[in-house]
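This report concerns only the one structure given below.
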Amino acid sequence: MAEPVVRIPDAKVALSTASVYPESTATAFEIAARLGYDGVEVMVWNDPVSQDIEALRRLSDHHRIPILAVHAPCLLITQRVWSTDPWVKLQRARTAAEKLGATTVVVHPPFRWQRQYARDFVQGIWRMANETDVRFAVENMYPWRYRDREMLAYAPDWDVTKDDYRHFTIDLSHASTARTDALQLVDRMADRLGHVHLADGNGSAKDEHLVPGRGGQPCAELLERLALGGFDGHVVIEVNTRRAMSSAEREADLAEALAFTRLHLASAAKVPRR
């Protein structure tokens, strides 16, 4: 009878630079290195350093922490970052990933008012994916809600599993805001799940991005499932620390998130001893 042993997948645990906001991209590299993260995911946004490939390379080299993923500028506040043309944004994100050694570009589905972009999005992502070894991992989103009203802000759909993409990103905070079952979403993604944004939520209409373990999402269950399945993508801590009263409190939150993730990735499984 085989005894349970610990199985730890090859997945690396990264810190999203968005997790230190309102502090800077440079601060994220410092914290990730100090706490022992395996790498960072760069959120490209209004911080000029996040848009500068050479500045990012210098930070990576200085702190000896690799850049594992690049999050393309898809937010409302980044509509003019790297161009107003969404395809140019993705091309520049791919170039940044290739030059920085990142394996993944995270991208949101288009906003509904980006009609032409949305119309061509699925085929366009396939086309770009065929031109590079970098993964374009399309991220699940959520309906926008205000009081008793719901607005479908993304196209073709906020539920990206309804369309055909080569790779997906699962974001548990987004699943919480969408009030959808995250594990069922992962089941639909199946072997196309290539990237994880780990954060918690309580089903609020506001995208919460809580530290894992502080909400109602199946963060631990997902990590254990990834471990048992031998997941080899990246698990990225993408949490909201804006309410931290000090830099020390912010760092403590990010240390807690890392400890939670490593604990649950070390999943006990019955495998034969040799």
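The values are calculated or read from the model by the stated rules, or taken from the named source; none is laboratory data. Note that this is a predicted model, so its numbers are computed, not measured. Cβ placement follows ideal geometry from the backbone for every residue including glycine, while neighbour counts extend to all protein chains displayed. Accessible surface areas use protein heavy atoms only, side chains included; no ligands, DNA or RNA. Shrake-Rupley method; radii C 1.70, N 1.55, O 1.52, S 1.80 Å.
Working only within the stretch 117-154, note down all residues that are farther than 20 Å from Leu68 by Cβ, open to solvent by 10 Å² or more (accessible area, probe 1.4 Å) and assigned to a loop (DSSP other than H, G, I, E, B).
Scanning the stretch 117-154 gives Asn130, Glu131, Tyr142, Arg147, Asp148, Leu152.
Just checking, which of Arg166, Arg214, Arg192 is within 26 Å of Trp113 (Cα to Cα) and open to solvent by 10 Å² or more (accessible area, probe 1.4 Å)?
Arg166 is the lone residue from the list that is within 26 Å of Trp113 (Cα to Cα) and open to solvent by 10 Å² or more (accessible area, probe 1.4 Å).
Are there any pairs, at least 6 apart or on different chains, whose C-beta atoms fall under 6 Å, with the first in the stretch 195-216 and part of a strand (DSSP E or B) and the second basic (Lys, Arg), and if so, which?
Asp200/Arg214
When only residues in the stretch 92-133 that are more than 23 Å from Ala14 (Cα to Cα) and among the hydrophobic types (A, V, I, L, M, F, W, C) count, which is farthest from the chain's Cα centre (by Cα)?
Top of the filtered list is Trp113.
Return the total of residues in the stretch 236-254 being open to solvent by 40 Å² or more (accessible area, probe 1.4 Å) and either outside any helix (DSSP H, G or I) or not charged (D, E, K, R) (or both).
Counting residues in the stretch 236-254 that are open to solvent by 40 Å² or more (accessible area, probe 1.4 Å) and either outside any helix (DSSP H, G or I) or not charged (D, E, K, R) (or both) gives 8.
Only residues that are hydroxyl-bearing (Ser, Thr, Tyr) and modelled with pLDDT of 90 or more: list them for the stretch 259-273, please.
Thr261 - this is the single residue of the stretch 259-273 that is hydroxyl-bearing (Ser, Thr, Tyr) and modelled with pLDDT of 90 or more.
In the stretch 197-243, which residue that is at pLDDT below 95 and touching a His at 6+ places or on another chain (Cβ under 7 Å) is farthest from Ala137 (Cα to Cα)?
Taking the candidates together, the pick is Glu224.
Quick grid of which residues meet (1) within 25 Å of Val105 (Cβ to Cβ); (2) out of contact with any helix residue (DSSP H, G or I) (no Cβ under 7 Å at 6 or more places or on another chain):
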position	(1), (2)
Ser173	yes, yes
Ser176	yes, yes
Glu251	no, no
Leu263	no, yes
